[in-house]
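First the structure, in the form of structure tokens, and then the observations on it.
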Protein chains: 2
Amino acid sequence: MNQDYIQPDPWSLIEEGFDVERIKSSESLFSLGNGAMGQRANFEETYSGETFQGSYIAGVYYPDKTRVGWWKNGYPEYFAKVLNAPNWIGIHIFLDDVPLDLNTCKKITGFRRELHMKEGWYRRTFKAITANDIEVEVNILRFLSLEIDEVGAIKYQLTLKNKPARVKVSPYVDAGITNEDSNWDDAFWNITNVSHKDNRAFIEAHTMKTHFGTCTFMHAEANFAGKNVVPKKVGTTEKKVTLEFEESLQEGETVSLIKYGGYTVSTNHDATKLVGAANSVLDKAAILGFDGLLETQKNAWADIWAMSDITIAGDVKAQQGIRFNIFQLNQTYLGKDSRLNIGPKGFTGEKYGGSTYWDTEAYCLPFYMATKNQKVAWSLLEYRYNHLEKAIENAEKLGFSNGAALYPMVTMNGEECHNEWEITFEEIHRNGAIAFAIYNYYRFTGDYTYIPEMGLEVLIGIARFWHQRANFSQNKNKYVILGVTGPNEYENNVNNNWYTNYLAKWCIEFTTEQIQKVKDGYPEDYDRVMAHTKLTDNEVDSWLKVAKNMYFPRSKEHGVFLQQDGFLDKEMVQVKDLDRSQRPINQKWSWDRILRSPYIKQADVLQGFYLFEDHFTIEELERHFDFYEPFTVHESSLSPCVHSIQAAKLGRMDQAYTFYLRTSRLDLDDYNKEVEEGLHITSMAGTWMSIVEGFGGMRVLDDKLHFTPQIPKEWKSYSFKVNFRNRIIKVTVKEGASQFFLEGTEEMSIRVNGERVVLVPQKEVTV
Amino acid sequence: MNQDYIQPDPWSLIEEGFDVERIKSSESLFSLGNGAMGQRANFEETYSGETFQGSYIAGVYYPDKTRVGWWKNGYPEYFAKVLNAPNWIGIHIFLDDVPLDLNTCKKITGFRRELHMKEGWYRRTFKAITANDIEVEVNILRFLSLEIDEVGAIKYQLTLKNKPARVKVSPYVDAGITNEDSNWDDAFWNITNVSHKDNRAFIEAHTMKTHFGTCTFMHAEANFAGKNVVPKKVGTTEKKVTLEFEESLQEGETVSLIKYGGYTVSTNHDATKLVGAANSVLDKAAILGFDGLLETQKNAWADIWAMSDITIAGDVKAQQGIRFNIFQLNQTYLGKDSRLNIGPKGFTGEKYGGSTYWDTEAYCLPFYMATKNQKVAWSLLEYRYNHLEKAIENAEKLGFSNGAALYPMVTMNGEECHNEWEITFEEIHRNGAIAFAIYNYYRFTGDYTYIPEMGLEVLIGIARFWHQRANFSQNKNKYVILGVTGPNEYENNVNNNWYTNYLAKWCIEFTTEQIQKVKDGYPEDYDRVMAHTKLTDNEVDSWLKVAKNMYFPRSKEHGVFLQQDGFLDKEMVQVKDLDRSQRPINQKWSWDRILRSPYIKQADVLQGFYLFEDHFTIEELERHFDFYEPFTVHESSLSPCVHSIQAAKLGRMDQAYTFYLRTSRLDLDDYNKEVEEGLHITSMAGTWMSIVEGFGGMRVLDDKLHFTPQIPKEWKSYSFKVNFRNRIIKVTVKEGASQFFLEGTEEMSIRVNGERVVLVPQKEVTV
């Protein structure tokens, strides 16, 4: 653990005390988002110390020119990057002409941040003695509205404590910003117009190359010692507009500034009418007023929590951790717009360029399916459908043909955003995760319509890819898949990664089944898809030949599938026997050494056992878990959750709990020493899975919800809710007893520990 | 073939006609070098068209900051790069104030370049009508002196053909130059002083970071219509000094400028006295005069050719090709300075940063051993001895210990200069080539002294590396070497590359033998080395355990060693059955596709059969050649020569000749469409090997020279000379007969086609 300054609290993140070393970490941890935009917890007022400025608009990206050491054919020329957007939160404060700047204050006391997850707001308070000896008390409340998702609101209150002073409060919008993650220091924004009217200001700018039009706007209301005032002056430069409010205040008097700000974007509005759209948004916000808007915020978050909260009794840090994860997932993605997806850093940083990884399908989808309306999951699936053409182009760049689709490793707009050959070209199992998500959606929601309407074409593209990517080995008399990187990225360019081969086979077989089902049940869709894809029976037969004759490496001696060909040639020293000083190996070892070691970054064979649990016996799971986990270093944030779920299934609750701890407070406790760059959003969904699927043992089998509840001995109880096919069930687990509560009006039956349990609405059943 | 504008000629490269499209290619092909410096064939006068300016000083490099897409532990932070040095060849010409610029002339006729390889000079002539309608005839002769290797000389003659004009001739030195291969646009040079005196000018500058001090200097003598003149004016800027000679000339009159220029460098002189050193050099040159200096040039090249020439009768293009190769090798490296080595682009371009590859040991050493004094080969070996500490550091960075040495893939100063993990960290067979060169030197020269004096320590470092790099596979009950890239770089991160494993085993065994030999024969050296390396018998025993139990992949079915584990799982379609449109695959295919294909870039298993020919029977060679060559695409310039030698050995002279053709005119005919970036210097030594070892069948066995001469049916005869242990033998091969001529005074016996032949000095023996 690298930090422990966040106070334990069930509903809030609280930081106390000002520490320049923690600024960037706290900027990440206290980030705000509302699905449409988000921002790091940068200070409103000037801060001359080290900071990482970040404001992000969902779906607005820049295709930065790729940087590589040595070019390889097939690398993307450009890749979409999360883009730092113009700043609307800034408020310069001057006290007798000296800027308020926490980096230069003589004394700071009572510095406190609170991120109130329950109600969705962020408060910062402090007292300070400025460089010119003026003592102030400051209280700032900020939130990004869920109700009107183009706007955020700030109430900035400052009180003079020791003497009178002339106080200037200058809220501004500023497009003079930079991206830390820029490869070539290109200009990302082209500013086209800067304007203001009364207490409002606007900057119109569009992104270079992608031409996303945006208007960054603000509306400010200042009150000095109870008196509303209008701006004294407006400062305008090419990139910035500042409204200057200025009055003299006496000791004990307060200035209060309310600022609404945000973005209107050409993806949602006519690009020529963004200022008008901004004015409408501001009118709405101003009518509600700060308190009214805050009220809607509390209500909106109450609705979210009503469905997605997990309570843990008896362990406040675990409680805080899980809520932080759920909070951040909801800040990042709310499923309202199928053009958006779940960025690995959400709205908390720039790193990793591009917003979508296979994390979405493999880790996030279950969370959104169970805690939201099924439309949200549909949106995630539709996102990939919309990118199918680009996935086909991507495959073509790598030499595939006939509509084979390879979804990108990382993307914003469907184009590949990554350029390490061993990942971009070889970590192809991602394609399988996208097919699996289609199956998983149907399994969980019972809604088959996605497949005939959209999914079948995606599946056909994916099946075609696997068919072409495998080749027949005369030597093995089987089909093999050579040169891949599995989920365990500590192996590159291996042959016959079991997980990849298994997924490839499954994709082909699943696709073939769906073709038949659509043909039988949705003949119009079938005809449309066949006309579009030009698929023939012969082609499907050739796919099936590959699937039926797929090679799977295995060890007779160990009774396990091998992660890949040759895995047993390694020096098989288990992690427990590895010197602690060598960990984490990704920081201590050169890449070749990692590659030839047996160490596993995250579940690989076991990822397959997770996805296809019902294909294997519990004994097989146990044998594979006992073989592979001891070599696993869990150096990916996505690793512990799968192992936690499997350990729970094997009845090893202590181990399951240990894994759970590693995932739930990963960022809060900054295990990887990098939280200042942003949060690990997608792995947060894994934490949710660890509880619901791991401890709660939730599964869907034959259209029924199953639970096998267990509880870590460290906890008194925990509870979660799931929305299963529009039926909401609350599950509460205590030592020795589980309670189930069904909302709604109709009965339903579930299985608990294998036994059928009938739930009567509004009545708690204890098992 | 991509160009054919170079006229066939046995001793010269001749280009006729001016073509802007050929400028950069010709700049490469007509490059000059003298081992200490070199330059592309850039024009002296202003040229506003596309050009690639390059002047290089041997051993002067810049550690450029590494550029990678995604950082991996172990990558070098900086790497040494060939550095474009200040320009001393420039001469601005103004005719009535309009610059002479071939890019803006109204008409150009009689444009001709000649690189006279026999005498080591380069002449350019042309007639042109300038933008202001002045007709001129220009004749420029340039060479870099072998006699005084810090100086080059230019005679620039211009005659007015149609009218009088005011002619300004302005020779200059200019440090305002850039590097095309710069990663971050850093400034590479810090200019410290610009000065001039009379008809001389000097720019002192040192490289950033490496602080190589240099003085770029010139001396100019102008003669207008038979009258010597002094500079009218001196133009000085921060980066440039220009001497301005100016007179009016009548129609038919000629201005002739003689310019000497070059560099004095702090590696050879007191850094504070570089101008003084430059003056001394210029004094020497001026005393000799242009013609005198040119005379020494002719003599020096005559000496080189006397020893290294290969004649081919009946095939002028082959003759020109082999001489071009020999000429360029001698321009690049003359073995006078063990701090230098053979850059892959010599003095003809920047690309590939760093000067030394395993090419030196594997391909170039035989050429230099056979055509030079053995001190030259010693110098090459000493270079690696001097880098031993850095090789140990390099290995430490990758996690090796106890003095294990990993020589860099590419280097200038002993530090690694490459940063693709699959090469830098994994193409470790390079270490074996360095050990093999030590053996090869002893085998050829009979001089054992290098081993006790220097080589043994190098060998111990290398043996230690192999010992640590191998690991015991319980599964195979053998030692394996995982995660490597063999000479065939179209495979990355493979397990048990046969060549690497074989070399590793051989290195350990060879080292062990040398330890014993040094112990027995050179006890003082032995004690010194043992004290330094702290080697114990136990350690050697543990090496031998690895060597004796090394695993070698093989196929029973095909009766061959396998290039690596799993090679036979590929889709084994031979190159002949591959669609021509797919070639070269390194331009047409994405990297993953190349990797999973069976296609071989350059000899890999066969490289082992080349180095260790006497370990295998001819039948084994044939079986392996017939298995692997059909999968070989020869997309490395180092590929055809080894195959040519082996095809010749197998009596397949047609095939051997085809391979020979691919290598000997690679650059002249620009097979790879990249000659404009520079020449492929190191592979030129492979061309020499193709003739001497391939067609001539030269081998050294048991301290005796062996020949099995054959001749391609396209040739009438060919001849070459070798210096074998200070005995010079000339071999002339004709259809059905070979002649041997021994210089010197003592008899010696050789073997021709297995039969002993006694050579009497000064008497030709025909076999």
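The values are calculated or read from the model by the stated rules, or taken from the named source; none is laboratory data. None of these values were measured; they are calculated from a predicted model. Here the Cβ is made from the backbone with ideal geometry for all residues, glycine too, and neighbour counts use every protein chain on show.
Answer yes or no: is there a residue in the stretch A:613-620 that is buried (at least 23 other Cβ atoms within 10 Å of the Cβ), in contact with a helix residue (DSSP H, G or I) (Cβ under 9 Å, 6 or more places away or on another chain), assigned to a loop (DSSP other than H, G, I, E, B) and away from chain B (no Cβ under 14 Å). No, the stretch A:613-620 has no match at all.
For the residues B:GLU221, B:GLU180, the requirement of being within 23 Å of B:GLU44 (Cβ to Cβ) and more than 30 Å from the chain's Cα centre (by Cα) singles out B:GLU221. Take the conditions (1) crowded, with 24+ Cβ neighbours inside 10 Å; (2) within 14 Å of chain B (Cβ to nearest Cβ); A:TYR75 misses just one of them, which is (1). The condition of being surrounded by 20 or more Cβ atoms within 10 Å (Cβ to Cβ) and modelled with pLDDT of 95 or more does not hold for A:ASP64. Within the stretch B:1-12, residues that are at negative phi reach partners that are of a type in the set (Ser, Thr, Tyr) and modelled with pLDDT of 90 or more with beta carbons closer than 8 Å, at six or more positions or on different chains, in the pairs B:GLN3/B:SER25. Pairs linking a residue in the stretch B:30-46 that is within 19 Å of B:THR130 (Cα to Cα) and of a type in the set (S, T, N, Q) to a residue that is modelled with pLDDT of 95 or more and in a strand (DSSP E or B), with Cβ atoms under 6 Å and 6 or more positions apart or on different chains, are B:THR46/B:HIS92; B:THR46/B:PRO99.
When B:ALA36 is tested against (1) away from every other protein chain (no Cβ under 14 Å); (2) touching a Phe, Trp or Tyr at 6+ places or on another chain (Cβ under 6 Å), just one condition goes unmet, and that condition is (2). Residues in the stretch B:453-478 that are outside any helix (DSSP H, G or I) and either out of contact with any helix residue (DSSP H, G or I) (no Cβ under 7 Å at 6 or more places or on another chain) or surrounded by fewer than 24 Cβ atoms within 10 Å (Cβ to Cβ) (or both): 8 in all.
Residue count for the stretch A:69-123, restricted to those that are aromatic (Phe, Trp, Tyr) and under 29 Å from the mean Cα position of the chain (by Cα): 6.
Please tell me if A:ILE481 is within 20 Å of B:ARG593 (Cα to Cα) and modelled with pLDDT of 95 or more. Criteria met by A:ILE481.
Which of the residues spanning the stretch A:486-500 are in a loop (DSSP other than H, G, I, E, B) and in contact with a His (Cβ under 8 Å, 6 or more places away or on another chain)? Within the stretch A:486-500, A:GLY486, A:PRO487, A:ASN497 qualify.
Each residue in the stretch B:229-243 was checked for being surrounded by fewer than 18 Cβ atoms within 10 Å (Cβ to Cβ) and assigned to a strand (DSSP E or B), and 5 pass. The requirement of being within 14 Å of chain B (Cβ to nearest Cβ) and buried (at least 16 other Cβ atoms within 10 Å of the Cβ) is not satisfied by A:ASP525.
If only one of A:TYR407, A:TYR368, A:TYR383, A:TYR439 is in a helix (DSSP H, G or I), away from every other protein chain (no Cβ under 14 Å) and buried (at least 24 other Cβ atoms within 10 Å of the Cβ), which one is it?
A:TYR368
Among the residues making up the stretch A:670-719, those that are over 18 Å from A:LYS649 (Cα atoms), modelled with pLDDT of 95 or more and among the polar types (S, T, N, Q) are A:SER717, A:SER719.
Checked across the stretch B:650-665, the condition of being assigned to a loop (DSSP other than H, G, I, E, B), out of contact with any Pro (no Cβ under 9 Å at 6 or more places or on another chain), away from chain A (no Cβ under 14 Å) and modelled with pLDDT under 95 holds for at least one residue. A:THR214 meets the stated requirement of being among the hydroxyl-bearing types (Ser, Thr, Tyr), buried (at least 16 other Cβ atoms within 10 Å of the Cβ) and more than 24 Å from A:ILE93 (Cα to Cα). Residues in the stretch A:484-493 that are closer than 15 Å to B:GLU426 by Cβ and either surrounded by fewer than 24 Cβ atoms within 10 Å (Cβ to Cβ) or facing chain B (nearest Cβ under 8 Å) (or both): A:ASN492, A:ASN493.
For the stretch B:571-591, the set of residues classified as under 31 Å from the mean Cα position of the chain (by Cα), more than 11 Å from chain A (Cβ to nearest Cβ), part of a helix (DSSP H, G or I) and in contact (Cβ under 8 Å) with a residue 24 or more places away in the chain consists of B:VAL575 only.
Taken over the stretch B:411-436, the criterion of being within 14 Å of chain A (Cβ to nearest Cβ), out of contact with any Gly (no Cβ under 9 Å at 6 or more places or on another chain) and in a loop (DSSP other than H, G, I, E, B) is satisfied by B:ILE428 alone.
With the condition kept exactly as written, say whether any residue in the stretch B:499-508 is in contact (Cβ under 8 Å) with a residue 24 or more places away in the chain, closer than 15 Å to B:ASP565 by Cα and within 14 Å of another protein chain (Cβ to nearest Cβ). Checked against the condition, which is being in contact (Cβ under 8 Å) with a residue 24 or more places away in the chain, closer than 15 Å to B:ASP565 by Cα and within 14 Å of another protein chain (Cβ to nearest Cβ), the stretch B:499-508 yields at least one hit. Whenever a residue of the stretch B:51-63 is assigned by TED's automatic domain parsing to the domain that holds B:LEU144 and among the aliphatic types (A, V, I, L, M), its partners that are in a loop (DSSP other than H, G, I, E, B) and at pLDDT 90 or above, lying with C-beta atoms within less than 6 angstrom and at least six residues away or across chains, give the pairs B:ILE57/B:ALA85; B:ALA58/B:ALA36; B:ALA58/B:LEU340; B:VAL60/B:PHE212. Criterion first (of a type in the set (Val, Ile, Thr), crowded, with 17+ Cβ neighbours inside 10 Å and more than 30 Å from A:SER338 (Cβ to Cβ)) does A:ILE203 satisfy it? So A:ILE203 does not fit the description; no.
Considering the conditions (1) within 14 Å of chain A (Cβ to nearest Cβ); (2) farther than 24 Å from B:GLY343 by Cβ, B:THR449 is excluded by exactly one of them, (1).
This table checks each residue for (1) surrounded by 24 or more Cβ atoms within 10 Å (Cβ to Cβ); (2) among the polar types (S, T, N, Q); (3) assigned to a loop (DSSP other than H, G, I, E, B).
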site	(1), (2), (3)
A:ARG339	no, no, yes
A:ILE342	yes, no, yes
A:GLU350	no, no, yes
A:ALA377	yes, no, no
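When A:TYR599 is tested against (1) out of contact with any Gly (no Cβ under 8 Å at 6 or more places or on another chain); (2) surrounded by 22 or more Cβ atoms within 10 Å (Cβ to Cβ); (3) within 14 Å of chain B (Cβ to nearest Cβ); (4) without any contact (Cβ under 8 Å) to a residue 40 or more places away in the chain, exactly one condition is not met: (4). Within this structure, B:GLN607 fails the test of being assigned to a loop (DSSP other than H, G, I, E, B) and either among the hydrophobic types (A, V, I, L, M, F, W, C) or touching a residue at least 60 places away in the same chain (Cβ under 8 Å) (or both).
In the condition set (1) of a type in the set (Val, Ile, Thr); (2) part of a loop (DSSP other than H, G, I, E, B); (3) at pLDDT 90 or above, B:VAL173 is compliant with all but (2).
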